[in-house]
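A short write-up of the structure that comes next.
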Amino acid sequence: MGIEKILAISGKPGLFELKLQTRTGFVAESLIDGKKITVGLRSNVSLLSEISVYTYDGEIRLSEVLRAIAEKEDNGPALSHKEDNAKLESYFREAVPEFDEDRVYASDIKKILNWYNMLQAKGLVSKEAEATATAEATTEEVKAEE
């Protein structure tokens, strides 16, 4: 899954791809319109690869949630994030049955579905990507042990 360099920047709509790191911050490109912006070190920035979703057993990575949605939709677009909260929670429960509804709010689900649809439109999420990455990691671990 290609979300290692995808950022969510507080106060800015959409998602951004990390392009270049500088002394005072970094340069990011919007996935929506392709415009480049500079972001200072004081900005609240989250790497999508570092985000997790609460479950009853602990947490699961956002990449696994996105893959589960991709599997449910057969790599197609997800339900719109503009649907009503009950419909969104029901949809999210189908994709991620173990999510903790006491700690994952409707606003979180809206954000995840919006991100999924943006990433899916750019071809950055798929149901097969996680299996390939896992196989490559296992192969590298075996080589390291030899």
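Every number in this text was worked out from the coordinates using simple rules, so none of it is lab data. Small disclaimer: the values here were computed from a predicted structure and weren't measured. With ideal geometry, Cβ positions are generated from the backbone for all residues, glycine too; neighbour counts draw on all protein chains shown.
What fraction of the Cα pairs in the range 49-130, stated in percent, has a spacing above 22 angstrom? Summing the P(r) of the range 49-130 above 22 Å gives 14 percent of all pairs.
Filter LYS12/LYS36; LYS72/LYS122; LYS36/LYS82; LYS12/LYS111; LYS5/LYS122; LYS12/LYS82 down to the pairs with a C-alpha to C-alpha distance above 23 Å, please. Don't skip to the end; give the middle numbers.
Numbers: LYS12/LYS36 12 Å; LYS72/LYS122 18 Å; LYS36/LYS82 27 Å; LYS12/LYS111 13 Å; LYS5/LYS122 14 Å; LYS12/LYS82 18 Å.
Too far apart for the 23 Å limit: LYS36/LYS82.
Taken one residue at a time, the phi angles of the range 29-42 give Karplus couplings (6.51, -1.76, 1.60, θ = phi - 60°) of 10, 5, 6, 7, 10, x, 6, 9, 10, 9, 10, x, 5, 7 Hz. Gly and Pro are set to x. Near SER52, the amide H atoms lying under 5 Å from its own belong to LEU62; only residues 5 or more places off or on other chains count, and H is placed 1.01 Å from N. Most tightly packed first, judged by the mean number of other beta-carbon atoms within 10 Å of their residues, the peptides 35-46, 72-83, 117-128 read 117-128, 72-83, 35-46. Working from Cα pairs under 8 Å separated by at least six residues, relative contact order for the chain is 23 percent. Restricting the calculation to alpha carbons of the chain gives Rg and Dmax of 16.4, 54 angstrom.
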